[in-house]
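I have placed the structure first, in the form of structure tokens, so that the comments after it can refer back to it.
We did not get these values from a lab; they are worked out from the coordinates using the rules stated. Note that the structure is a prediction, hence the values are computed from the model and not measured. Every residue, glycine among them, receives a Cβ derived from its backbone with ideal geometry; neighbour counts consider all protein chains shown.
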């Protein structure tokens, strides 16, 4: 039973269209391979699906570029002239932009000003003023940011210093001897030195607040 014929028109259903394309693409590729083997022909096929997927086949022993060159020789046409002309126009446009930018840079540093009229010089002056304002604004922004950073560092250092002093004050401990007449031997340093230090009474000893001890009373050796 033969297959039914279909009307040659665009398949509206996207799924059916993609399935049909995949099947027929495989068939074309198969026929191209058969032509290459059976007939010793050079075959090159390039296809793009509706979704932009690229498929290619080229006979072994050659490449697509070689096939295109043989096609141009056979048909006396140039496939790349239009593209080359577009690329050449783009290159010339970029060269012109580069030339103008270099000229503007030289004029901004005071060179090539002889051919400029009053209007052009006035415009150059305005551009320089605007550029100077932008540079100054950026400079002040950087200075302000660095100043704020340094202020924060100084503030953190001061807070750390106060914390260390507070911890040092809390770390100083002392006591009062029950024998008031023996204060010379009440406190002594471990190495037998005779250096004298201030004595701080801990807040946990409210009964000793207001009492003061002179160098003859408390000694740290």
In whole Å, what are the extents of segment 1-140 along the principal axes defined by its C-alpha atoms, from largest to smallest? 88, 41, 29
Order of 48, 118, 68 under a 10 Å beta carbon neighbour criterion, fewest first: 118, 48, 68
Please list the radius of gyration and Dmax for segment 1-58, considering alpha-carbon atoms only, with Å as the unit. 13.8, 39
Span from the segment 56-131 Cα centroid across to the segment 11-35 one, whole angstrom: 42 Å
